[in-house]
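The structure appears right after this line, and notes come after that.
The values are calculated or read from the model by the stated rules, or taken from the named source; none is laboratory data. Keep in mind that what you see is a predicted model, and the values were worked out from it rather than measured. Virtual Cβ from ideal backbone geometry, glycine too; neighbours counted across all protein chains shown. For accessibility, only protein heavy atoms count, side chains too; no ligands or nucleic acids. Shrake-Rupley method; radii C 1.70, N 1.55, O 1.52, S 1.80 Å.
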Amino acid sequence: MMAKIYVFVNQKGGVGKTTSAVNIGTYFALEGKRTLLVDFDPQGNLSSGLGVRKPAKTVYDLISEKASVEEVTYKTIVPNLHVIPASIDLSGAAVELADIENREFFLKDRLAPINDVYDYILIDCPPSLGILTINGLVCASSVLVPLQCEYFALEGLSLLLETISRIQQHLNTELKLGGIFFTMYDSRTRLAQEVVQQVIAYFKDKVFKTIIPRNVKLSEAPSHGLPISEYDAQSTGAKSYHKLALEILENG
């Protein structure tokens, strides 16, 4: 059976995209699903958030055909959870890919040999809609969009949906919007409540019910190289991500 591939995308930075990819992937693995996390952001925050620092081979070596997919895949401390890390070298790939034919399919082609090894592959993309993110969208079956509860959230969302639509038309007809979920929610602010209501009114069943609250433990965990399940499993952040992961699994 082929892996279900999710890509985490939001062209705005600081919305909890990487935190979500790490923790949703971790809870998939803890539910017994063979899970691979792919760090496709040159900042490499997903890699360091899982304790993988200065790896010998990275996703850049995979893209530039200097290493096989097996050579760039690392185990994590979580059973069933593997990671393909990134480094700043990946920013060079964006330039190198610019003039190459079929450049949108590089990631898809490189991951193809292991599509039946995992139940789920989760790709964390950079906060932009450039060639790296397009590679992620071409590779994936579903897009997961983390949305911070703030004033400009909806503006950025419309641009992202246009990009998804173009990818569906020209490069990946199988791609669908897997769902939108809210991060960094502060129930004390009226604005947060209004953004949630607006998005639910517009997108209806495309919005996941589980909302991720602001939680200091979620901010602390990456600096220790740990997913929230290993850092503080009883925190509200951990419980929320576990619940969201189960909801995503349930929705298929």
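If you go through the stretch 19-45, how many residues are touching a Phe, Trp or Tyr at 6+ places or on another chain (Cβ under 7 Å) and surrounded by fewer than 20 Cβ atoms within 10 Å (Cβ to Cβ)?
Of the stretch 19-45, the ones touching a Phe, Trp or Tyr at 6+ places or on another chain (Cβ under 7 Å) are 20-21, 23-24, 27-28, 33-36.
Cutting the leftovers down to surrounded by fewer than 20 Cβ atoms within 10 Å (Cβ to Cβ) gives us 33-34.
The total comes to 2.
Give Ser158, Ser142, Ser165 a once-over and let me know the one that is closer than 21 Å to Thr19 by Cβ and of a type in the set (Ser, Thr, Tyr). Break it down stepwise before answering.
Details: Ser158 fails: closer than 21 Å to Thr19 by Cβ; Ser165 fails: closer than 21 Å to Thr19 by Cβ.
On inspection, the qualifying residue turns out to be Ser142.
Against the definition (open to solvent by 60 Å² or more (accessible area, probe 1.4 Å), over 20 Å from Ala245 (Cβ atoms) and in contact (Cβ under 8 Å) with a residue 24 or more places away in the chain), how does Leu191 come out, yes or no?
yes
Tell me, yes or no, whether the stretch 196-209 has at least one residue that is assigned to a strand (DSSP E or B), among the charged types (D, E, K, R) and more than 30 Å from Gly51 (Cβ to Cβ). Please lay out each step first, then the result.
Just the residues of the stretch 196-209 that are assigned to a strand (DSSP E or B), to begin with: 207.
Filter once more, keeping what is among the charged types (D, E, K, R): none.
Within the stretch 196-209, none of the residues are assigned to a strand (DSSP E or B), among the charged types (D, E, K, R) and more than 30 Å from Gly51 (Cβ to Cβ).
Would a scan of the stretch 179-194 turn up a residue that is small (Gly, Ala, Ser), outside any helix (DSSP H, G or I) and farther than 17 Å from Thr18 by Cα?
yes
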Residue check, Ile77 in contact with a helix residue (DSSP H, G or I) (Cβ under 7 Å, 6 or more places away or on another chain) and either surrounded by fewer than 24 Cβ atoms within 10 Å (Cβ to Cβ) or under 19 Å from Tyr231 (Cβ atoms) (or both): yes
Residues of the stretch 1-17 satisfying the condition of being under 10 Å from the mean Cα position of the chain (by Cα) and either open to solvent by 30 Å² or more (accessible area, probe 1.4 Å) or among the aromatic types (Phe, Trp, Tyr) (or both): Tyr6, Phe8
Residues of the stretch 114-151 that turn out to be closer than 28 Å to Gln198 by Cα, β-branched (Val, Ile, Thr) and open to solvent by 10 Å² or more (accessible area, probe 1.4 Å), as a count: 1
Selection status of Leu111, open to solvent by less than 10 Å² (accessible area, probe 1.4 Å) and farther than 30 Å from Val199 by Cβ: yes
Qualifying positions in the stretch 152-178 - assigned to a loop (DSSP other than H, G, I, E, B) and either surrounded by 19 or more Cβ atoms within 10 Å (Cβ to Cβ) or aliphatic (A, V, I, L, M) (or both): Leu171, Asn172, Leu175
Single residue of Tyr241, Tyr185 found to be within 20 Å of the chain's Cα centre (by Cα) and closer than 22 Å to Tyr6 by Cα: Tyr241
Long-range neighbours under 6 Å by Cβ, at least six apart or interchain, first residue closer than 9 Å to Ile123 by Cα within the stretch 3-19, second basic (Lys, Arg): Phe8/Lys17
Gly178, sole failed condition from (1) under 23 Å from Gly51 (Cα atoms); (2) in contact (Cβ under 8 Å) with a residue 60 or more places away in the chain: (1)
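For Val138, indicate whether it is modelled with pLDDT of 95 or more and in a loop (DSSP other than H, G, I, E, B). Walk me through how you get there before you give the answer.
Details: modelled with pLDDT of 95 or more: yes; in a loop (DSSP other than H, G, I, E, B): no.
Spelling it out, it is not the case that Val138 is modelled with pLDDT of 95 or more and in a loop (DSSP other than H, G, I, E, B).
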Filter result for Asp205 (over 30 Å from Thr236 (Cα atoms), open to solvent by 50 Å² or more (accessible area, probe 1.4 Å) and modelled with pLDDT of 90 or more): no
Odd one out for Thr236, checked against (1) in contact with a strand residue (DSSP E or B) (Cβ under 8 Å, 6 or more places away or on another chain); (2) in contact (Cβ under 8 Å) with a residue 24 or more places away in the chain; (3) not aliphatic (A, V, I, L, M): (2)
Residue in the stretch 52-74 that is least open to solvent (accessible area, probe 1.4 Å), counting only those that are touching a strand residue (DSSP E or B) at 6+ places or on another chain (Cβ under 6 Å) and over 19 Å from Lys108 (Cβ atoms): Val52
